[in-house]
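The values are calculated or read from the model by the stated rules, or taken from the named source; none is laboratory data. As the structure is a prediction and not an experimental result, all values here were calculated from the model. Note: ideal-geometry Cβ built from the backbone for every residue, glycine included; neighbour counts use all protein chains shown. The area values use the complete protein model at the heavy-atom level, side chains included, leaving out ligands, DNA and RNA. Shrake-Rupley method; radii C 1.70, N 1.55, O 1.52, S 1.80 Å.
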Amino acid sequence: MFETQSGRAITAGGPTLVAVTEPAAAAAATEIPRQVPLQGSRGPGPDAPSGSVVNGGPEGSAAPEGILRRQSQRESAARTYARSLPIVPVRARGLTIEGADGRRYLDCLSGAGSLALGHNHPVVLEAIRGVLDSGAPLHVLDLATPVKDAFTTELFANLPLALAADARIQFCGPAGTDAVEAALKLVRTATGRPGLLAFTGAYHGMTAGALDASGGAPGVRVTRLPYPQDLRCPFGVGGPEGAELSARWTENLLDDPKGGVPAPAGMIVEPVQGEGGVIPAPDGWLRRMREITAARGIPLIADEVQTGVGRTGAFWGVDHAGVVPDVMVLSKAIGGSLPLAVIVYRAGLDVWAPGAHAGTFRGNQLAMAAGTATLAFVRENRLAERAAALGERMLAALHGLACGHPCIGEVRGRGLMIGVELVDPDTGAAAPSLAAAVRQECLDRGLIVELGGRHGAVVRLLPPLTLTDEQAAAVLDRLADAIPAAARRTH
């Protein structure tokens, strides 16, 4: 049970969870120190009211509306989070974001999982300031620097031992999708084969090759394999039997001379499908994928962009199954909130010629310093173990909540990577409109969440690993209020 301040309990047929109920505008008020409002470098724009602060601050109620209006006029129609979260963040610390209108929010999006330590953690800020104050060059391409050496050393210290003992690292462009592209190019170069094995529901990024390997991409050189799950099992059985059928399908497809699938360059898999709806891979099934690929000389690529650095309750998502992949794709949390992406792979795959893969900003010194501090803090403070314990309790509370709300089709996740799938209580079909309403009700209560899953019907929680018991209770309390409010609103 969480030790909290309020007497309201979430029982709903499950374990009791006493939760904090805080006013939305006052949540975690002690987390953000009051500062001098940020000043715009070019002065007020045409929409800024007299006396307002351009880059943020509560002065002038029209300021955030003007910023949002200019964003909608100037930015691409491809923008996403800005549509569902119409806020203007100006300060942040830990779990909490403060908007330009003075409201405070509990942030369970965490930069799509990038902020392992939350916003502006002191060790991250100290590391960044240390580089800035040292006079070190900020742009170095792929030259060796003390900052890079420290990052690589810390990263290798946290890798699965069997990989770290025989590994190479490639610094890629600054986004996770760039690292996916590098991984696909690597295994295709090393094997001389073009094909790729990927899974239904996968998400690996937004560049061309990464999209090819993601769910829903048409006309590509990728063979789709069934990813096991319970609620919507492709074989209609779920559980261990569904996972076994998925493994058998994979084996049969690869070994069938008439199956239409030539030997592939590699298999790419997420230990937990994030954008696919927070679906953890069963440990036994993931071990089978490792056995299947190893026996056939197929490199196994683990996409740990979102699952890495303690998120799932182990330092890496593959650690739960004891699997050692041939390639690991890493980004998000490894940069400590700044852009950084790498692949780590077996030395035997390192067949690239100099310059075969590059990226102008692969030497991000600030991100490496922030990443080193983050990796070390997670390791030294055993935050993966903390995420496992706290995540288990949060999942138990949400399972209890689901008992009283038939619109909750399934609660699932691992560690502090949690998903709640909303369904039509009468048909069991995914309910994206209800999920969107829940997201809005959460925002109205000062809680930031996002959606995922096949139909955008899964409410996702990705809080920082520094989440306290009291903060976890406040998050669940607001979500528990938002779900029935949204259900009333959509019926």
If you go through region 243-280 one residue at a time, how many are of a type outside the set (S, T, N, Q), closer than 20 Å to GLY419 by Cβ and out of contact with any Gly (no Cβ under 8 Å at 6 or more places or on another chain)? 1
Select from region 253-283 the residues that are within 15 Å of ARG414 (Cβ to Cβ) and among the small types (Gly, Ala, Ser) and write down the one among them that is modelled with the highest pLDDT. ALA281
Considering residues of region 248-280 that are small (Gly, Ala, Ser) and in contact (Cβ under 8 Å) with a residue 12 or more places away in the chain only, the residue nearest to HIS320 (Cα to Cα): GLY274
Out of region 416-450, which residues are small (Gly, Ala, Ser) and in contact with a His (Cβ under 9 Å, 6 or more places away or on another chain)? ALA429, ALA430, ALA431, ALA435
Filter region 171-186 for residues that are open to solvent by 30 Å² or more (accessible area, probe 1.4 Å) and over 19 Å from the mean Cα position of the chain (by Cα) and give the result. LYS185
Quick check on my filter: what residues within region 119-154 are open to solvent by 80 Å² or more (accessible area, probe 1.4 Å) and of a type in the set (Val, Ile, Thr)? THR153
If you check every pair at least six apart or on different chains, which have Cβ atoms under 7 Å apart with a residue in region 220-238 that is on the phi < 0 side of the Ramachandran plot first and a residue that is β-branched (Val, Ile, Thr) and assigned to a loop (DSSP other than H, G, I, E, B) second? THR223/VAL261; ARG224/THR200; PRO226/THR200; TYR227/THR200
Any residue at all in region 156-166 that's in contact with a Ser or Thr (Cβ under 7 Å, 6 or more places away or on another chain), modelled with pLDDT of 85 or more and either open to solvent by 20 Å² or more (accessible area, probe 1.4 Å) or of a type in the set (A, V, I, L, M, F, W, C) (or both)? no
Would you check which residues across region 102-118 are outside any loop (DSSP other than H, G, I, E, B) and surrounded by fewer than 20 Cβ atoms within 10 Å (Cβ to Cβ) and list them? GLY111, ALA112
Looking only at residues in region 348-369 that are open to solvent by 30 Å² or more (accessible area, probe 1.4 Å) and among the polar types (S, T, N, Q), which one is farthest from the chain's Cα centre (by Cα)? THR360
What strands (runs of 3 or more DSSP E) completely inside region 401-491 contain at least 3 residues that are open to solvent by 10 Å² or more (accessible area, probe 1.4 Å)? 408-414
Tally, over region 260-289, of residues that are in contact with a strand residue (DSSP E or B) (Cβ under 9 Å, 6 or more places away or on another chain) and in a loop (DSSP other than H, G, I, E, B): 12
